[in-house]
1. For residue B:45, go through the lysines and keep the ones whose alpha-carbon is under 27 Å away, minus same-chain ones fewer than eight residues off.
2. Which net charge results when you count Lys and Arg as +1 and Asp and Glu as -1 among the other residues whose beta-carbon is under 12 Å from that of residue B:75?
3. Considering only the other residues whose Cβ falls under 13 Å of the Cβ of residue B:35, what net charge follows from Lys and Arg at +1 and Asp and Glu at -1?
4. So for the protein assembly as shown, Kirkwood radius off the Cα pairs, Stokes-Einstein at 4 °C and 1.567 mPa s: how many µm² s⁻¹?
5. Among B:63, B:46, B:27, which one shows the highest mean-square fluctuation when chain B is modelled as a Gaussian network with alpha-carbon springs under 10 Å?
6. Out of the GluC sites (Glu not before Pro) in segment A:1-92, which ones are loop residues according to DSSP with at most 16 other C-beta atoms within 10 Å?
7. What does the average come to when, for each residue of peptide B:1-10, you count the partner chain Cβ atoms lying within 10 Å of its Cβ?
8. Once the label point is placed 7 Å from Cα along Cβ, list for residue A:112 the distances to the corresponding points in the other copies, in nm, shortest first.
Number of protein chains: 2
Amino acid sequence: MLNITRKVEYALIALRHMQSKNDIGLTSAKEIAAQYGIPKQLLAKTLQQMSREGIVKAVHGPTGGYKIAANLKKISLKDFFEKLEGPLGMMDCYFDSECVQISNCNIRVPIQRINNNMRDMFSQMTLQEITQ
Amino acid sequence: MLNITRKVEYALIALRHMQSKNDIGLTSAKEIAAQYGIPKQLLAKTLQQMSREGIVKAVHGPTGGYKIAANLKKISLKDFFEKLEGPLGMMDCYFDSECVQISNCNIRVPIQRINNNMRDMFSQMTLQEITQ
DNA sequence: TTATATACGACAAAAATTATCGTATATAAT
DNA sequence: ATTATATACGATAATTTTTGTCGTATATAA
Ligand code: FES
Ligand code: FES
């Protein structure tokens, strides 16, 4: 319960790996996948997603790869999680109102309070803190 | 991502329902299931689990049911979650060391830091805050 | 004796997550 | 130009987790 996904885990591993390298050098999905034992295709898609989000920059062709493009100090963990996985909360009814029994739910308000606490917590942490 | 489970949701709904009633009265699983549109059998099992954990007290037979048995002010949300769902953390490798690539993982330490933050947060909230 | 409630292991269905496939495009090196 | 290697990405498959059900046993009030 309250787990992050593999996708996010792989993304964090990749970011940290890239950051530990020279700013200029590129890193391919293949290299990271091999080093950490991550499924290459899945990691590639995650890197592509981060590329679309502007977190990393992609370079095509042989000798291509990825490098960090954003200032990781300026991206909160909350924003990062939401870029990759969508809205962040303990329960979905925090966002959409599709909960079957939303009308006679008796814990909606307290749950939202906790949700806010959690979102605040992740808002105050930056990607840099993980990848540094 | 970072969701709680239905089981915990149902448990919270049940607790809050019971607390809003007279201290003496019992509440059956059937009653709660009907009122909130929850699968009865599943709710029953959850109540049984809470009974084993000493959170509620069960009374058999017709006119039987459940009532709150513990002091909800003294049960942290972290403990409650762990009683129902086991160890609480963003990643399993926080607890068991079965992670395939635990040896060359580069985010283990920072992830554990976040885990601790999250566990601290839920340690400081009590069940009472939700069900009051 | 009957009706109704809890107790609980085993099983099934559904949903979410995780991983793979196939194909297209970009580009450096030969 | 051709080849090799990298990213791009929708579609699909496999796996795992979550969620829900079934069947049966036991307790107890009426
Ligand atoms: S469970 Fe959805 S609103 Fe409470
Ligand atoms: S992913 Fe398991 S130890 Fe890092």
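1. Within reach: B:7, B:21, B:30, B:57, B:67, B:73, B:74, B:78, B:83.
2. Working: positive: B:73, B:74, B:78, B:83; negative: B:53, B:79, B:82, B:129.
Net charge in that neighbourhood comes out at 0.
3. Working: positive: B:16, B:21, B:30, B:40; negative: B:31.
Value of the local net charge: +3.
4. Working: Rh = 20.5 Å.
The diffusion coefficient I find is 63 µm²/s.
5. B:63
6. Values: sites: A:9, A:31, A:53, A:82, A:85; in loops: A:53.
Taking segment A:1-92 and a limit of 16 other Cβ atoms within 10 Å, the loop GluC sites (Glu not before Pro) found are A:53.
7. Values: counts 14, 15, 8, 8, 4, 1, 1, 4, 7, 1.
So the per-residue partner count for this stretch is 6.
8. 3.8
Read-outs: derived from the displayed coordinates by stated rules, not from any lab. As the structure is a prediction and not an experimental result, all values here were calculated from the model. Methodologically, a virtual Cβ is constructed for each residue, glycine included, from the backbone with ideal geometry; neighbour enumeration extends over all protein chains shown.
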